[in-house]
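Undergrad: I am attaching a structure below and will ask some questions about it afterwards.
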Amino acid sequence: MTTTLSPDQIIEEIGGCGRFQMRMSIVAHVMKTVVSFSAVSMVLVSQTPDWWCEDESKYSNVSSCVQYENGTQQFVCSLRSCSVNGSTCNNFRFGKKGSIIEEFDLVCSRDYIPSLIMTLQIAGSLVGNVVSGQASDSFGRKIPFFSSMVVLILGNLIGYFSVNWIMFAAARFVIGIGHGCFMTIKYSLLSEFSLSRCRSWIIGFPSWPIQACIFALICWLIQDFRYIHLFCALLGIPMLLAWFVIPESFRWYVAHDRPDKAEAIIRRVAAYNKRQLYHVDHLVQQTPITQDTHKYSVIDMFRSKRLIKTTLLCGLNWLALGLVSYGLLFEIQALSGNVYLNYLLFSVVGIPSKGVGVWLQNRLGRRNLTMLSYALVGACGIVVGVVQTLDLSNRDLLTNVFALTAYAIIALAWGPIQTMTVELYPTVIRTVSFGMLSVIGRVGAMVGPQLVYLNYYVSGLLYYVCAAVSFVCVLGCFGLEETKDSNLSDKMEKKNVPV
């Protein structure tokens with residue numbers, strides 16, 4: 001009698017975490033360079049340079065507004081003043097070119113527009129999460145995965161040619177769609193070729209903070225939002241060649257009863273891993289006479305009490321991830337010091353943080369590490385909130401230090417939450433679940449920049465909200481299952497699938 005193997009046993013049979021898996025993971029993380037550059041560029045291209053009302057001065061550059069008295073430099077022009085002698089200013093002069101603030105005059109009555117554009121970008125990511133999640137579970141992972149790269153290239157080109165802030169906002173929305181599509185599919189695709197023992201490394205490898213550090217240097221050298229977008233667009237073109245390296249998920253074929261397609265990919269992986277397969281037909285179950293024709297969707301995330309609880313509690317974690325991460329990231333512009341240096345520091349701390357997170361996942365477990373991370377983020381939030389509310393001495397230094405610490409810890413939390421999400425759902429709804437939970441994360445991310453804007457008027461508000469949400473997540477994690485060392489499931493439990 002021929003014995004069939006589970007997909008995880010198949011992966012062991014064809015090399016486990018072998019050369020093919022390593023190459024595929026490296027290529028996918030390299031492709032993510034375009035995604036990370038495109039997604040975070042808004043933080044740097046929207047920095048506000050020194051500006052003043054040109055109605056107040058006849059001069060054409062900032063040096064003309066400087067005079068020296070007793071060797072001390074003083075500005076004659078009133079910096080960042082929206083009126084002159086009670087009259088509203090109509091013309092502005094900026095001390096530095098290259099920012100969208102300078103290009104589109106986004107000051108005074110239009111100062112809300114940068115945070116609005118950031119929110120629109122996150123809304124685009126939300127759309128990308130929904131579309132790609134459903135598409136990749138229905139039609140396969142590969143085509144939507146590479147389509148996301150095309151969308152990113154297109155969005156960056158629109159950003160380069162933008163003639164007003166509305167066109168630029170549309171470009172960022174398109175970039176958000178590409179970002180959401182790529183990130184929704186990437187982790188599921190890589191995880192479906194890997195075993196539990198290496199899954200945390202594949203998902204948690206700190207490629208994003210490494211890429212962010214490189215991008216900070218690139219932006220410091222270019223310092224023009226148009227050329228930054230052009231650079232990202234051109235960088236995306238060679239990434240499309242990865243089509244010939246990354247295959248369709250064989251587990252998707254298994255889950256959709258297409259063993260012939262799955263076996264072709266299995267042979268390819270085994271050959272690259274130098275594993276000899278004498279018989280392949282026993283590795284994948286043959287298509288049953290009565291196939292499951294159910295079309296899976298987001299509704300299947302709520303097909304049982306277990307899935308309802310899992311979805312709600314995972315959604316809470318993703319909401320906190322988005323709110324805290326994007327709130328602290330956008331707050332970089334309000335911190336004291338040079339914005340490029342601050343961004344570089346925030347990026348650098350993510351590298352060891354995510355590395356330590358991978359190591360701790362395999363010791364503490366996904367759930368326990370998530371709980372610990374949120375508890376520490378909540379503590380940092382309370383400290384910064386109190387410092388800002390009471391306006392303590394050394395406020396700027398304390399805010400910078402604890403905000404940086406909180407960002408490093410929330411960066412650590414991304415790995416276990418993403419890994420846990422991949423491992424909790426079966427293949428037939430894995431990407432649609434990851435996509436919908438990412439949508440909840442995007443909702444939190446849309447709120448984050450708005451809290452940054454409100455934090456200017458209500459001191460400490462951003463940090464109090466981050467702390468409150470984090471502490472709620474600690475309690476919610478008690479209801480989640482630990483997924484460390486667990487195999488991935490491929491099909492829904494029979495009782496969860498409608499007849």
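Undergrad: To test your reading of the geometry: what angle, between 0 and 90 degrees and rounded to tens, separates the Cα axis of helix 165-191 from the longest principal axis of the chain?
TA: The answer is roughly 30 degrees.
Undergrad: Another one. Taking the 0 to 90 degree range and rounding to the nearest ten, how far is the long axis of helix 461-476 tilted relative to the main principal axis of the chain, both from C-alpha atoms?
TA: 20 degrees
Undergrad: Using helices alone, I'd like the mean residue ellipticity at 222 nm for the chain: each DSSP H run of four-plus residues gives -39500 (n - 2.57), total over residue count, nearest 500.
TA: -22000 deg cm²/dmol
Undergrad: Same structure, new question: With an 8 Å cut-off on Cα pairs and a minimum separation of 6 or more residues, tell me the relative contact order of the chain in percent.
TA: 22 percent
Undergrad: Can you tell me which of 113-125, 161-173, 478-490 comes out highest on packing, and rank the rest after it, using the mean Cβ neighbours within 10 Å?
TA: By packing density, highest mean first, the sequence is 113-125, 161-173, 478-490.
Undergrad: So how many Å³ per residue does the convex hull of the Cα atoms of the chain work out to?
TA: In the chain, the Cα hull volume divided by residue count equals 154 Å³.
Undergrad: Taking Cα atoms of region 122-233, Rg/Rh with Kirkwood Rh, to two decimals?
TA: Reported Rg/Rh, Kirkwood definition of Rh: 1.03.
Undergrad: Let me ask something additional. Sorting Ser41, Ser109 by accessible area (1.4 Å probe), largest first, what list results?
TA: In descending accessible area the options line up as Ser109, Ser41.
Undergrad: Could you tell me the center-to-center distance, by alpha carbons, between region 175-196 and region 132-155 in angstrom?
TA: Result: 10 Å between the Cα centres.
Undergrad: Using only the alpha-carbon atoms, what does region 371-450 span along each of its principal axes? Please give whole angstrom values in decreasing order.
TA: 55, 26, 14
Undergrad: Let me ask something additional. With every protein chain kept in place and ligands, DNA and RNA left out, what is the accessible area per residue of the chain? Probe 1.4 Å, answer in Å².
TA: 42 Å²
Undergrad: Then there is this: Note down the relative contact order for region 338-415 as a percent, whole number, built from C-alpha pairs under 8 angstrom at least six residues apart.
TA: 49 percent
Undergrad: When only C-alpha pairs under 8 Å and at least 6 residues apart count, what is the relative contact order of region 403-499, in percent?
TA: It rounds to 45 percent for region 403-499.
Undergrad: Taking θ = phi - 60°, what integer Hz values does the Karplus form 6.51 cos²θ - 1.76 cosθ + 1.60 yield along region 340-349, in sequence order, with x for Gly and Pro?
TA: Each residue's phi maps through the Karplus curve to give 5, 5, 4, 5, 4, 5, 5, 6, 4, 5 Hz.
Undergrad: Restricting attention to the alpha-carbon atoms of region 309-437, what are Rg (one decimal) and Dmax (integer), both in Å?
TA: 16.0, 55
Undergrad: Here's something else I'd like to know. Over region 345-499, with a single point scatterer placed on each C-alpha, what log10 of the ratio I(q)/I(0) does the Debye formula yield at q = 0.10, 0.12, 0.15, 0.18 1/Å?
TA: -0.43, -0.60, -0.87, -1.14
Undergrad: Calculate one ³J(HN,Hα) per residue across region 238-253 by plugging θ = phi - 60° into the Karplus curve 6.51 cos²θ - 1.76 cosθ + 1.60, and present them in order as whole Hz with x for glycine and proline.
TA: Calculated HN-Hα couplings, in order: x, 5, 5, 5, 5, 3, 7, 10, 9, x, 5, 5, 5, 5, 5, 5 Hz.
Undergrad: Report, to the nearest whole %, how much of the accessible area of the chain belongs to carbon and sulfur atoms, 1.4 Å probe, protein only.
TA: Carbon with sulfur: 63 percent of the solvent-accessible area.
The values are calculated or read from the model by the stated rules, or taken from the named source; none is laboratory data. Small disclaimer: the values here were computed from a predicted structure and weren't measured. Cβ coordinates were reconstructed from backbone atoms using ideal geometry, including for glycine residues, and neighbour counts include every protein chain displayed. For accessibility, only protein heavy atoms count, side chains too; no ligands or nucleic acids. Shrake-Rupley method; radii C 1.70, N 1.55, O 1.52, S 1.80 Å.
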